[in-house]
Amino acid sequence: MSRISIEQVKHVAHLARLAITEEEAEMFTKQLDAIITFAEQLNELDTENVPPTSHVLNMKNVMREDVPTPGLPLDEVLKNAPDQQDGQFRVPAILE
Amino acid sequence: MSLFDHRVSELHHLLHKKEISVSDLVAESFKRIAEIDEKVQAFLTLNEEQARAKAKELDEKLATEKEFGLLFGMPIGIKDNIVTKGLRTTCASKILYNFDPIYDATVMQRLHEADAITIGKLNMDEFAMGSSTENSGFQLTRNPWDLERVPGGSSGGSAAAVAAGEVPFALGSDTGGSIRQPAAFCGVVGLKPTYGRVSRFGLVAFASSLDQIGPITRTVEDNAYLLQVISGLDPMDSTSANVDVPDYVSALTGDIQGLKIAVPKEYLGEGVSEEVRQSVLNALKVLEGLGATWEEVSLPHSKYVLATYYLLSSSEASANLARFDGVRYGYRTDNAKNLMEMYKQTRSEGFGNEVKRRIMLGTFALSSGYYDAYYKKAQKVRTLIKQDFENVFEKYDVIIGPTTPTPAFKIGEKTSDPLTMYANDILTIPVNLAGVPGISVPCGFVNGLPVGLQIIGKHFDESTVYRVAHAFEQATDYHKQKPTL
């Protein structure tokens, strides 16, 4: 039984903001299915009472004084922008 | 004979005695690059004009100053996922083909303060996702020991440049083996520090809970000198650890009398080639001869590390790589009528297939209905893997095994099946999952290809890792071998 369908792959691609062709959807379905099937070996382990690890060191929140400092200069920030206008990033129309 | 046959401390000494100048060192790098980089293809971007100007400036300083640091005037190569102010940083991805960083990574600031000289930016697998540098969006880096073979990855450019004598040392990054595996394949020394030892500020994030920057060098001593400069707490990285940084070089005593070594049976079993196994057993004999003892142990959750790693690292990557959307920097498609199309086309045209595959795997593992079954499950298994290491380190000083199951494979040999490529990292991944430090040092040759010995230590105990690696290096001459190019 496959773990992920081509429809799911297309949905995931949409969530990840990736445009994929029909052929790519087929290829990724096959590959992701193999990887997910492989990953299901983790189900052999009983982890009912095991806490999850999100960070390997026993660190607490790191606090500091909230001191205002100058931000980055606008011309520097915009230097790499593909498109800009009036000191702002410019993007294509959001609504049709 | 190249200047870079000398250790960094020897070069430092030559500078002191005024037998060489900083300009000589920088010229040596660019001369070697001009000679052989067409074959090796390690560098993506060169910093020649600035490097030569900086060398002149430092030579003037050298004329008057008596005391200067060990890295003063030393040429260094930087993996292209570490941001360098004013020097193009691409992560070997088309999506950042023209990115000109407006700030320096913390490690770069520290290198500048030490007066090291950046020679250029080194090729890698796109966004550090890969084990062969074949996933670069720009060029194919070749292994200096055999140009038909991969240099390993993802820091393949860094390891190849050091092995080929283009720079005395380089920085790489390691998320699942990306420093140690290419170091093993190219016959050089590569260390992944303890998670939190080196600031990640300015390292373009792949998997934030696993990524670490570390040194790739010709010798263990050079490695220790470089780590010394880049280590330590950084207010700009809240995961950098507030732990004292010891003097690493003073740990290189050559004395490992009474050292207790654990050798996991899972690291010499199925999947590891007989020749690699033999090289590691020979290395253990050398260490025994130096007064260490070793015993076989078990890391019982070893078979689960690949699955755990790919779920966690891909999940983190899917979030981290959301920022590449064509709005603020990098590539933007010309073929979009509205914002949503612009996002999708930009990302589809900008990312390669391995990156897309991992973003999708991560998006799936984090998506509603699958989060507990995949992502959270993997986080729980990570706890078990980490505990395996803690248990062994209660009784032993270091864990030793091979760095990779086989020596360098052929270009194109593993590109068709992602799982086959992933399996190559089975011995390095657990170190990242546990957050402990690990080094790869040369321990033999199989058919003319280098083999790496992996030495793994306790959290923040890079000193012991270095001490063992150095003692082994002094007792052998594998690190003195050089590829003929």
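Summary of values
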{"item": "Any hit, segment B:52-65, residues being touching a strand residue (DSSP E or B) at 6+ places or on another chain (Cβ under 9 Å), open to solvent by less than 20 Å² (accessible area, probe 1.4 Å) and not in a loop (DSSP other than H, G, I, E, B)", "result": "yes"}
{"item": "The lone exception for residue A:26 - which of (1) at the interface with chain B (Cβ under 10 Å from one of its Cβ atoms); (2) part of a helix (DSSP H, G or I); (3) closer than 30 Å to residue B:338 by Cβ; (4) among the charged types (D, E, K, R) it fails", "result": "(1)"}
{"item": "Condition broken by residue B:73, with the remaining ones in (1) within 19 Å of residue B:172 (Cα to Cα); (2) crowded, with 24+ Cβ neighbours inside 10 Å; (3) of a type outside the set (Lys, Arg) satisfied", "result": "(1)"}
{"item": "Residue among B:359, B:385 that alone is at the interface with chain A (Cβ under 10 Å from one of its Cβ atoms) and within 21 Å of residue A:6 (Cα to Cα)", "result": "B:359"}
{"item": "Total residues in segment B:366-380, condition buried (at least 17 other Cβ atoms within 10 Å of the Cβ) and more than 8 Å from chain A (Cβ to nearest Cβ)", "result": "3"}
{"item": "Residue match in segment B:241-256 (condition: within 12 Å of chain A (Cβ to nearest Cβ) and either buried (at least 17 other Cβ atoms within 10 Å of the Cβ) or touching a residue at least 40 places away in the same chain (Cβ under 8 Å) (or both))", "result": "yes"}
{"item": "Unique match (being outside any loop (DSSP other than H, G, I, E, B), open to solvent by less than 10 Å² (accessible area, probe 1.4 Å), among the hydroxyl-bearing types (Ser, Thr, Tyr) and under 24 Å from residue B:95 (Cα atoms)) among B:173, B:154", "result": "B:173"}
{"item": "Residue within segment A:50-57 that is part of a helix (DSSP H, G or I), open to solvent by less than 30 Å² (accessible area, probe 1.4 Å), more than 30 Å from residue B:101 (Cβ to Cβ) and facing another protein chain (nearest Cβ under 9 Å) present", "result": "no"}
{"item": "Residue A:9, sole failed condition from (1) under 22 Å from residue B:311 (Cβ atoms); (2) open to solvent by less than 80 Å² (accessible area, probe 1.4 Å); (3) more than 9 Å from chain B (Cβ to nearest Cβ)", "result": "(3)"}
{"item": "All positions within segment B:330-357 that are open to solvent by 50 Å² or more (accessible area, probe 1.4 Å) and either of a type in the set (Phe, Trp, Tyr) or not in a loop (DSSP other than H, G, I, E, B) (or both)", "result": "B:331, B:340, B:341, B:343, B:345, B:349, B:353"}
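Residues checked against (1) touching a residue at least 12 places away in the same chain (Cβ under 8 Å); (2) open to solvent by 10 Å² or more (accessible area, probe 1.4 Å); (3) among the basic types (Lys, Arg); (4) at positive phi:
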position: B:318; (1), (2), (3), (4): yes, yes, no, no
position: B:323; (1), (2), (3), (4): no, yes, yes, no
position: B:397; (1), (2), (3), (4): yes, yes, no, no
position: B:403; (1), (2), (3), (4): yes, no, no, no
position: B:411; (1), (2), (3), (4): yes, yes, no, no
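The values are calculated or read from the model by the stated rules, or taken from the named source; none is laboratory data. These numbers come from a predicted model, not from an experiment. When we count neighbours, we look across all protein chains shown, and the Cβ atoms used for this are built from the backbone with ideal geometry, even at glycine. Just the protein is used for accessible areas: all its heavy atoms, side chains included, with ligands, DNA and RNA removed. Shrake-Rupley method; radii C 1.70, N 1.55, O 1.52, S 1.80 Å.
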